[in-house]
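**Q** Dropping the structure in here first, questions after.
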Amino acid sequence: MKYAQIVVNTPLTIGKPSEAERAAAESLRERAFTYAIPAPLADSIALGQLVWVPFGARRLQGIVIAFSDTSPVEQTKDIEAIVEVRPFLSPLHLDLARWIARTYLCPLHDALALMLPPGVEQQTEILLALAPNAPRDNLTEKQTALVEFLARAGETKVRALPRELHAAIEPLARRGIIVKRAVITPAQAKPKRIQTVRLLRAQLTDALAQSRAAPRYTAIVEFLRREANAVWVSAVYAETGGTRADLQKLEAAGVVALEAHETWRDSLAGRAFETAAPPQLTEGQARAWNEILSSLQVPSPPNQQPETVKPAAFLLHGVTGSGKTEIYMRALAEIIAQGKQGIVLVPEISLTPQTIRRFGARFERIAVIHSRLSIGERYDTWRRCRDGLVDVVIGARSALFAPLPQLGLIALDEEHDPSYKQAESPRYHAREVALELARRAGAVVILGDATPDVETYYRATRGELVLLELPKRVMGHRAEVREQRSEHRGQQPAVSGQESAPVGADAPYLELPPVEIVDMRAELKAGNRSMFSRALQREMARVLAAREQVILFLNRRGTATFILCRDCGYVFKCRRCENPMTYHGSGEQLVCHHCNRRDRVPTKCPLCGSARIRYFGIGTEKVEAEIRARFPTARTLRWDWDVTRGKDAHEAILEKFIARQADILIGTQMIAKGLDLPFVTLVGVVSADTALNLPDFRAGERTFQLLTQVAGRAGRSPLGGKVIVQTYNPEHYAIVAASVHDYGAFYAREIAFRREQGYPPFNRLIRLIYHHTNETRAQQESARVRGVLQTRLAQRGLPALDLIGPVPAFFRRVRGEYRYQIIVRGLAPHVLIADLALPLGWRVDVDPVSVL
């Protein structure tokens, strides 16, 4: 073992690929560099370590992924240092990263970065400064601009320079006009240490007792004498009025000892959860649980190749409220009893607070991972997981890579949700990575959903997953409802049309809430031009009178969808994205929901000068304003992206609604799934048509899933419930199937469409997207790559693959860049793309969840 293969922390991108680079594209994605292991490091180097290496003129960090006795090159440089002796990545995670890089056609470093704790990687920063007395003659225009910039700003980071000046750096450096200096940025994450003070003796020295600060010294000693252990210094300051200087004087006199202790940053610290015993399972739950239990009790085959192991994977298809979460918790309890750990994934951060509350009532050592945590919190949670101090990890897709030492279970709730697919490189799907991770770790996977992804359900019908059905909703929240009814005697009974058991009855099941489809075309003909149908207005009035709660769902933020000039028809669009700007009344501004650009609200048309400006469409803000006008005594809450940017915003909104401090919750898709709210007896879908007619083959599936999930928020207690869906397409099969909670009917229609059109699951897709600020360049480059692909198809004899495009993407321009796409469709599109070297500007999306 003389050499190490190291993946360096720097992008290995291609500008204009040569033929050799095109031929080596596949190896470039997984490229590692060979370094010699110096003698002082020979005994401590290990796989998965983060190390410092020289890389050209820079000093970079990299990850050790393999060892060898020989080097493929004659001259090698030495590894300089090990960042931390204990490896950051296990062999299992190194292999998983390789699988992600091969499957999703991304650089290996991007895949490895998923598994590193946040904030540990350090970068080499290049600083530029003018050399003293340097000549300034014979400079180009850009070189002159760079010299003048540095003269004004002084030493500057390269990444802080305007991009158009970058080309002038090297010519000026060669002439000695500017000087480059490399510095290493400090790690963003490091262990947190707090200072404590401990009493050594309870008597002051004579010198201290006679000093002017003696009263403070005495107060400090008395306070510490009452405490059994070391005390945080800040507590001492607050309690006694003492200072740092006082503690140092006491330490010098041998009265106290100042100490530093490492402390965990835990986002759940101080949270108390009410413990709850497991409920009795229903007959359907018991059948599903026994099937899963038998797999959990089978020992994993030792030393078996991952490719030969079929993971124990279940699709738990249960209607909303059928008790899927209880199955997850039973499975977790079983694997914890075996000394293993588990991961529970939820698709939305908004679901995390309620999930934590449920699991915290049953398990002690839980942790949460999601993007709203601070870097320090995520870093410490990662280290606690690695040290075996956590039994259950709950979070969004990134929680999948928590370094649990004995992974026994992965549960994906709402497995259909598109947010499980990452939008940036590596564009992995958490469901597929979970199945692969489980295969390699010998763990069990439970995919839970009321509306499974069509591809997942198809796999279950073929025996690739074990299908478990929970077709009935479980009766819940009886005690809460009984208490509420005693407080408000005389309120109305459960919603007519839903046969729910009376409070206190022993019936274990509830019927799913009835769904009323309202044809908004008929509403217009009847003269109702309100955003609320007459049926929805009537039901809201009834529910509010009964002191129950309402959820109104609308998949749009803002006040108006777009603004139009009534004289010339001009639509106000984002200058960077060419998409209509959304009017937000709360801040009196126009906002682009793609790039977040903000503009002032126009008073006249920039094209014709007319002041006849009209606001079209509806958003959550407008719905809230309309509710306040129609039901002035109703208390409203909004739950959308605009009001949930803070770290604990989701939990604060949920707590308010659970505590019944609001009557009507208005929200976007983040309220459509997972929430269990017993006093919600009415759900209104303001518009079911938002995504129905988009040019995406999954549009019908997304509509069915969204409507079924949001309908599932109603009627989850003996109070019953009702759902009203407003639409202009009442005959569409997705809406009809959702109205009767019939997944089987929807699936039969959808799978026939997919088979006829050759879409997944009958073929796989790879989407190639080219981005450029110049549309002509985007057209030319996408046409060039289309030609390359056609030539490859002919040369390699791949008739089972076909190409769609190039065409402009549905969102043609985003953040100032034009987007053109090519879709490769077939049973094995990787054979065409895997070794294709694409220049800068191209993005590869394997198995895309959207083609918009």
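The values are calculated or read from the model by the stated rules, or taken from the named source; none is laboratory data. Here the structure is a predicted model, which is why all the values come from computation and not from measurement. Cβ coordinates were reconstructed from backbone atoms using ideal geometry, including for glycine residues, and neighbour counts include every protein chain displayed. We work out accessible area using only protein heavy atoms, side chains counted, and drop any ligands, DNA or RNA first. Shrake-Rupley method; radii C 1.70, N 1.55, O 1.52, S 1.80 Å.
**Q** Please list, in order, the residues from the range 373-404 whose amide nitrogen is less than 13 Å from a point placed 7 Å along the Cα→Cβ vector of ALA269.
**A** Those under the cut-off are 374, 376-381.
**Q** Here's something else I'd like to know. Taking the solvent-accessible surface of protein heavy atoms with a 1.4 Å probe, what is the per residue accessible area of the chain in Å²? Before the final figure, lay out each step's value.
**A** Values: 38370 Å² over 852 residues.
Counting only protein heavy atoms, the per-residue value for the chain is 45 Å².
**Q** As an exercise, identify the chymotrypsin sites (Phe, Trp or Tyr not before Pro) in the range 367-455 lying in DSSP coil whose Cβ has no more than 10 other Cβ atoms within 10 Å.
**A** Hits after loop and neighbour filter: nothing returned.
**Q** Tell me which residues come under 5 Å, amide H to amide H, from ASP78 once H is placed; ignore anything under 5 positions away on its chain.
**A** The list, which skips near neighbours in sequence, is ALA36.
**Q** Could you pull the accessible area for LEU208 with a 1.4 Å probe, rounded to 10 Å²?
**A** Roll a 1.4 Å probe over it and LEU208 shows about 20 Å².
**Q** Follow-up question, since we're still on this one. How much accessible surface area, in Å² rounded to 10, belongs to the heavy atoms of MET520 with a 1.4 Å probe?
**A** 10 Å²
**Q** Test of understanding: extend the Cα→C-beta vector of GLU262 to 7 Å, then name every residue of the range 386-400 with backbone N under 11 Å from that spot.
**A** Only 387 pass the distance filter.
**Q** Something else about it: Taking just the alpha-carbon atoms of the range 619-752, what radius of gyration and Dmax come out, in angstrom?
**A** Cα-based Rg and Dmax for the range 619-752 come out at 15.8, 49 Å.
**Q** What's the whole-number percent of alpha carbon pairs in the range 116-186 lying beyond 18 angstrom?
**A** Details: 945 of 2485 pairs.
Roughly 38 percent, once rounded to a whole number.
**Q** Another question, if that's okay. Leaving ligands, DNA and RNA out of it, work out the accessible area of ARG538 with a 1.4 Å probe and give it in Å² to the nearest 10.
**A** Its heavy atoms expose roughly 140 Å² to the probe.
**Q** Suppose accessible area is computed on protein heavy atoms with a 1.4 Å probe; arrange THR240, THR791 from highest to lowest. Can you show the working numbers first?
**A** Values: THR240 30, THR791 70 Å².
Accessible-area ranking of THR240, THR791, largest first: THR791, THR240.
**Q** Further question: Antiparallel DSSP bridges in the chain: what percent, to the nearest 5? Intermediate values should be presented prior to the final figure.
**A** Details: 74 of 126 bridges.
Given both bridge residues lie in the chain, the antiparallel proportion sits at roughly 60 percent.
**Q** Provide the net charge surrounding ILE126, with neighbours chosen by a C-beta distance below 13 Å and charges set as Lys +1, Arg +1, Asp -1, Glu -1.
**A** Values: positive: ARG58, ARG59, LYS157, ARG159, LYS180, ARG181; negative: GLU125, GLU155, GLU170.
Its environment carries a net charge of +3.
**Q** Enter the Cα centre distance for the pair the range 748-763 and the range 660-697, rounded to the nearest angstrom.
**A** About 28 Å separates the Cα centre of the range 748-763 from the one of the range 660-697.
**Q** Counting only Cα atoms, I'd like the Rg/Rh figure for the range 181-266, Kirkwood definition for Rh.
**A** Details: Rg = 16.3 Å, Rh = 14.3 Å.
My calculation puts Rg/Rh at 1.14.
**Q** Could you please state how large a percent of the accessible area of the range 336-486 is carbon and sulfur, counting protein chains only and using a 1.4 Å probe? Could you put the intermediate results ahead of the total?
**A** Values: 2120 of 4560 Å².
Reported share for carbon and sulfur atoms: 46 percent.
**Q** Treat the range 362-473 as a sphere of radius equal to its Kirkwood radius over Cα pairs and apply Stokes-Einstein at 10 °C in a medium of 1.306 mPa s; give the translational diffusion coefficient in µm²/s, rounded to a whole number. Numbers along the way, then the final one.
**A** On the way: Rh = 15.3 Å.
Roughly 104 µm²/s, to the nearest whole number.
**Q** Using a 1.4 angstrom probe with every protein chain in place, what is the largest-first accessible-area order of VAL319, VAL466?
**A** On the way: VAL319 30, VAL466 55 Å².
Order by accessible area, largest first: VAL466, VAL319.
**Q** To continue, here is another question. Mind jotting down the distance between the C-alpha centroids of the range 422-464 and the range 358-411, whole Å?
**A** So the separation of the two Cα centres works out to 20 Å.
**Q** Once you place label points 7 Å from the Cα toward the Cβ at GLU141 and ALA245, how far apart are they in nm?
**A** 6.2 nm
**Q** Which of the cysteines found in the chain have nothing to pair with, since no other Cys Cβ lies under 4.7 Å from theirs?
**A** CYS106, CYS385, CYS595
**Q** Rank LYS622, LYS604, LYS180 by accessible area, highest first, at a 1.4 Å probe radius? Walk me through the numbers before you get to the answer.
**A** Working: LYS622 70, LYS604 125, LYS180 100 Å².
The residues order as LYS604, LYS180, LYS622, largest area first.
**Q** Name the residues of the range 47-73 whose amide N is less than 19 Å from a point 7 angstrom out from the Cα of LYS2 along the C-beta direction?
**A** It comes to 66-73, nothing else.
**Q** Taking the highest mean first, how do the peptides 715-724, 259-268, 98-107, 134-143 order by number of other beta carbon atoms within 10 angstrom per residue? Can you show the working numbers first?
**A** Values: 715-724: 26.4, 259-268: 14.1, 98-107: 20.6, 134-143: 12.5.
Top of the packing list down: 715-724, 98-107, 259-268, 134-143.
**Q** Computing the accessible area with a 1.4 Å probe over protein heavy atoms, can you report the carbon and sulfur percentage for the range 751-852? Write out the running numbers ahead of the final one.
**A** Numbers: 2330 of 4460 Å².
Taking all protein chains in place, the range 751-852 shows 52 percent carbon and sulfur surface.
**Q** Give the shape of the range 738-810 as rounded, prolate or oblate, defined through the alpha-carbon gyration tensor: a ≥ b ≥ c are the square roots of its eigenvalues, a/c under 1.5 means rounded, and otherwise the shape is prolate if a/b is larger than b/c and oblate if not.
**A** Working: a/c = 4.81, a/b = 1.75, b/c = 2.74.
Since a/c reaches 1.5 but b/c is at least a/b, the shape of the range 738-810 is classed as oblate.
**Q** From the helices alone, meaning DSSP H stretches of at least four residues, give me the mean residue ellipticity at 222 nm for the chain, per-run term -39500 (n - 2.57), in deg cm²/dmol to the nearest 500. Walk me through the numbers before you get to the answer.
**A** Values: 26 runs with 262 residues, N = 852.
After summing the helix terms and dividing by the residues of the chain, the value is -9000 deg cm²/dmol.
**Q** Taking a quarter of the surface of the convex hull around the Cα atoms of the chain, what do you get in nm²? Write down the numbers at each step before the final one.
**A** Values: hull surface 191.2 nm².
So the mean shadow area of the Cα hull is 47.8 nm².
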